[in-house]
């Protein structure tokens, strides 16, 4: 099986590329290497697979470039991870997020249709659930309100996938990731950022009173769910939650990082941020039953693993 991974130099993408290669898959990568964070980090992410994958440095907003890559690739599947990420940046630059996450997804789906690619796996997000009071969140919930441009673009991407599945018989699977962490996590994300600042003795910003809860998912568990979609033969169009189905408060998260580092945090308490949801909590019943998804790394194990990676690879 030959697979195109978009966003393949990023945190999830680069880990996925290594997993696919280990499984004997042929892989090509599309990545823009933009400056949302240091592009050199992304290049370093792919250092371990240099010479084993073709890397296309291209922007998925460029329809002509996407068409050239997909039409020439002979791909059996596309795993679409490329996106402008993050709730707070999307509020500052909503147009950019719409162009990258909606138009970019459309460009890939259309190129896949024209090239006859039969399987399209799309990275969505737990943010599509908004401020639902019904928890844990399951895939059949009616989603009629998102609270950030990022979330809106991810829900739009799911809908585009459903269109292409219905109209053209393409198998499209959208995966709602719940706060992924682990080695190579983006430096702007909370666990990485908190680890760095606490290790360096600098203050961390805590938005709100620390009671917000997240369902944190270790990277190895996310990869398990993605790979399972390559052989899934259920409905042509489907949506799955990929989470741990365990919630952790922000205060508990900070305490876990403090324990793993052996250092106390200096906390700068700030008001809650617009667009942030108070709770994410995955119901993974469907993923367990239909994908064989079995998350194995609880936050109590995952945080020490991440901190160990950080100290060996990033600490100054």
Criterion (under 20 Å from residue 189 (Cα atoms), modelled with pLDDT of 95 or more and either touching a helix residue (DSSP H, G or I) at 6+ places or on another chain (Cβ under 7 Å) or surrounded by fewer than 16 Cβ atoms within 10 Å (Cβ to Cβ) (or both)) met by exactly one of 45, 34: 45
Of all residues in segment 96-148, how many are free of Cβ contacts under 8 Å to residues at least 40 places away in the same chain, over 23 Å from residue 166 (Cβ atoms) and either part of a loop (DSSP other than H, G, I, E, B) or touching a helix residue (DSSP H, G or I) at 6+ places or on another chain (Cβ under 9 Å) (or both)? 5
Being crowded, with 19+ Cβ neighbours inside 10 Å and in a helix (DSSP H, G or I) is the filter; apply it to segment 49-86 and report the residue that is modelled with the lowest pLDDT. 73
Taking the condition of being touching a strand residue (DSSP E or B) at 6+ places or on another chain (Cβ under 7 Å), over 21 Å from residue 63 (Cβ atoms) and part of a loop (DSSP other than H, G, I, E, B), how many residues in segment 21-41 meet it? 1
Inspect all residues belonging to segment 234-255 and state whether any of them is free of Cβ contacts under 8 Å to residues at least 60 places away in the same chain and at positive phi. no
Criterion: within 16 Å of the chain's Cα centre (by Cα) and either in contact (Cβ under 8 Å) with a residue 60 or more places away in the chain or under 21 Å from residue 119 (Cβ atoms) (or both) - qualifying residue of 72, 26, 77, 82: 82
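For every residue, the table says whether it meets (1) over 16 Å from residue 105 (Cβ atoms); (2) touching a strand residue (DSSP E or B) at 6+ places or on another chain (Cβ under 9 Å).
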{"residue": "152", "(1), (2)": "no, no"}
{"residue": "176", "(1), (2)": "no, yes"}
{"residue": "192", "(1), (2)": "yes, yes"}
{"residue": "195", "(1), (2)": "yes, no"}
{"residue": "198", "(1), (2)": "yes, yes"}
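The values are calculated or read from the model by the stated rules, or taken from the named source; none is laboratory data. Just so you know, these numbers come straight off a predicted model, no measurement behind them. With ideal geometry, Cβ positions are generated from the backbone for all residues, glycine too; neighbour counts draw on all protein chains shown.
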